[in-house]
Amino acid sequence: MKYLKMLGLAVIAALVVAAFAGAGSASATVLCKTTTTPCNSKWTKGTQVEFNLRAGTSATWKDTSGTSLKTCTGGKWKGEIINEGSATEHVKIKNTEISWSSCTVATVSLKLGELEIQHITGTDNGTMVLKNAEFTTNDFFFGDCSYGTGAGVDIGTLTGSSIGDSIMDINGRLGPVGGSCCPDVVWVEEFTITVPKETPLFVRPS
């Protein structure tokens, strides 16, 4: 029994050491102008970014059965990097505009929230988590409906590029936070970066 107890304590100690070792080597996310690790040319705090709806495409909101609720042929997403990321933190962008134009149904941003970008292991891309955003729309069938992301919703992927045409590929599900009988919606949209122009962008581990 004494041997088994000592063996058990040794196993626990080993697990604790491994946990601390893992924590010490963990990395979060930065936006980088190169693919080097660690990054030696970060996109820094205060950088203004702008994405526009990809030419020749449309933004769509559909219910979960695939029925179209709205289509837009114009769209814009603007923000400012407020946390450039580190070994323990992900990149955070304060949204300053999320808008749509030329829509079959008007949609207004009530709360812009922030966008957190999390590196996808083994790639130069990142998962986009939209936090504390809220939108309202007026649909012919459902009337006034509001949709929010709360503490965070995975809305798609930021794809890195060396030639300054990085893509925000939106494909996320939003739940209603206001209105009656409003369905969940699937938001699909493809943005390309326009500011800063011709600047490489890679999502990298810190």
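Taken as a whole, the structure places T36 among residues that are surrounded by fewer than 20 Cβ atoms within 10 Å (Cβ to Cβ) and of a type in the set (V, I, T).
Summed over the range 122-151, residues that are surrounded by 17 or more Cβ atoms within 10 Å (Cβ to Cβ) and at positive phi total 0. Going by the conditions given, is E80 outside any strand (DSSP E or B), out of contact with any helix residue (DSSP H, G or I) (no Cβ under 9 Å at 6 or more places or on another chain) and closer than 20 Å to L158 by Cβ? Here the answer is no, as E80 does not meet what is asked. When the residues of the range 135-151 are filtered to those that are part of a strand (DSSP E or B) and β-branched (V, I, T), the one that is nearest to the chain's Cα centre (by Cα) is T136. Say we look at the range 152-169 and pick out the residues that are assigned to a strand (DSSP E or B) and touching a residue at least 40 places away in the same chain (Cβ under 8 Å); which of these is surrounded by the fewest Cβ atoms within 10 Å (Cβ to Cβ)? Taking the candidates together, the pick is S161.
Exactly one residue out of G175, G75 is within 17 Å of the chain's Cα centre (by Cα), more than 22 Å from V30 (Cβ to Cβ) and touching a residue at least 60 places away in the same chain (Cβ under 8 Å): that is G75. You will find that of I98, I82, the residue that is surrounded by 19 or more Cβ atoms within 10 Å (Cβ to Cβ), out of contact with any Pro (no Cβ under 6 Å at 6 or more places or on another chain) and not small (G, A, S) is I98 and no other. Among the residues of the range 98-134, those that are of a type in the set (A, V, I, L, M, F, W, C), part of a strand (DSSP E or B) and over 19 Å from T67 (Cα atoms) comprise I98, W100, V108, L110, L115, I117, M128, V129, L130. Taken over the range 43-77, the criterion of being charged (D, E, K, R), in a loop (DSSP other than H, G, I, E, B) and over 16 Å from S166 (Cβ atoms) is satisfied by K45 alone.
If we scan the range 87-97, do we find a residue that is free of Cβ contacts under 8 Å to residues at least 60 places away in the same chain, more than 19 Å from I167 (Cα to Cα) and of a type in the set (S, T, N, Q)? No, the conditions are met nowhere in the range 87-97.
Looking at the structure I just gave you, is N95 modelled with pLDDT of 95 or more, assigned to a strand (DSSP E or B) and under 27 Å from C39 (Cα atoms)?
Judged against the criteria, N95 is a match.
Given (1) over 18 Å from L174 (Cα atoms); (2) at pLDDT below 95, identify the lone condition not met by D63. Exception for D63: condition (1).
Only one entry in H119, H90 is in contact with a strand residue (DSSP E or B) (Cβ under 6 Å, 6 or more places away or on another chain), more than 21 Å from T192 (Cα to Cα) and modelled with pLDDT of 95 or more, namely H90.
The values are calculated or read from the model by the stated rules, or taken from the named source; none is laboratory data. Not measured: the values here are computed from a predicted model. Every residue, glycine as well, gets a Cβ built from its backbone with ideal geometry; the counts of neighbours run over all protein chains shown.
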